[in-house]
Amino acid sequence: MDKDEVAYHIHHIIKQFEDPSRDGLFETPMRVAKAWEHWTGGYLIDPQSLLKSFEDGAEGYREMVVVKDIPFYSKCEHHLADIFGTATVAYLPNGRVVGLSKLSRLVDCFARRLQVQERMTVQIAETLISSDLEPGFVGVYVKARHMCMESRGLCQQGHHTITQAFRRHFDLGDDRYNLCRDEFLAIARS
Ligand SMILES: [Zn+2]
């Protein structure tokens, strides 16, 4: 990202409302550019590289691993307004595990892009199911607030949008899949 280019345009946006050269605003364009560098930093992260798995060190742990309520901060691609909330991410190990902090970083990697909540939810699930972790099951539950709607009075303040995505390995049977999904949703919603 070219910070000077972004700052230049922010300067001209501010100019629509106020004198951008006044004290409080003078350094704002570059501050905004630096902030956006962080908010869009997810484009520079390869999501699969976060998921380097290792052989099971947990004595053949075969139950679902759930990381609940991972906070995230994103921007909606329609208004560049804040989307923020939590994501709960789970996978069913298949002989390999991944560091738990990697699941938080995976959420962050997709959150720090221009997003719609539905796509972010699916991207997290797709990345996990196609990783060399080869999990039996993947569940993603995202609960978020959209400032483009709340701040313009288009929905009630504090209202949440919930999205979810499930994926399974081809050899996970229907019964186990349904159990995993029910168990995951009970944890995610609790
Ligand atoms: Zn929006």
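Tabulated data
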item	result
Candidate aspartates and glutamates for bridging to residue 3, where Cα separation is under 19 Å - those fewer than 8 sequence places away on the same chain excluded	27, 37
Cut-off under 5 Å, modelled amide H: who pairs with residue 81 long-range	76
Relative compactness, the stretch 1-93, computed as alpha-carbon Rg over 2.2 N^0.38 Å	1.65
Lysine pair number, Cα distance threshold 20 Å (strictly under), the stretch 42-190, separation 8 or more or different chains	5
Volume per residue that the Cα convex hull of the stretch 68-110 spans, once the total is divided by residue count, Å³	73
Most fluctuating residue given options 47, 29, 20, as computed from a GNM of the chain linking Cα atoms under 10 Å	20
Residue-count net charge about residue 40 - beta-carbon cut-off 9 Å; Lys, Arg +1, Asp, Glu -1	+2
Helix axis angle, 3-14 relative to the chain longest principal axis, alpha carbon, degrees	60
Residue-normalised accessible area of the chain, expressed per residue, 1.4 Å probe, Å²	56
Charged-residue dipole, Cβ positions (Lys, Arg, Asp, Glu), the chain about Cα centre, Debye nearest 20	320
The chain, relative contact order [Cα under 8 Å, separation at least 6], %	20
Simple label model, 7 Å out from Cα along Cβ direction - residue 52 to residue 12, nm	4.4
Accessible surface of the chain [probe 1.4 Å, protein heavy atoms]: carbon and sulfur percent	53
Taking the stretch 94-190 and dividing mean pair separation by its residue count, relative contact order in percent (alpha carbons under 8 Å, at least six apart)	27
Positive-end residue, the stretch 17-145 charge dipole about Cα centroid, Cβ charges, pick of 135, 70, 36	70
Bins of 10 Å, starting at 0 and running to the largest distance - Cα pair percent for the chain	9, 31, 29, 18, 9, 4, 0
R0 of 22 Å, Cβ-Cβ distance residue 175-residue 62: FRET efficiency to nearest 0.05	0.90
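The values are calculated or read from the model by the stated rules, or taken from the named source; none is laboratory data. Fair warning: this is a prediction, and the values are worked out from it, not measured in the lab. Every residue, glycine among them, receives a Cβ derived from its backbone with ideal geometry; neighbour counts consider all protein chains shown. Quick note on the areas: whole protein, heavy atoms, side chains included, nothing else; ligands and nucleic acids left out. Shrake-Rupley method; radii C 1.70, N 1.55, O 1.52, S 1.80 Å.
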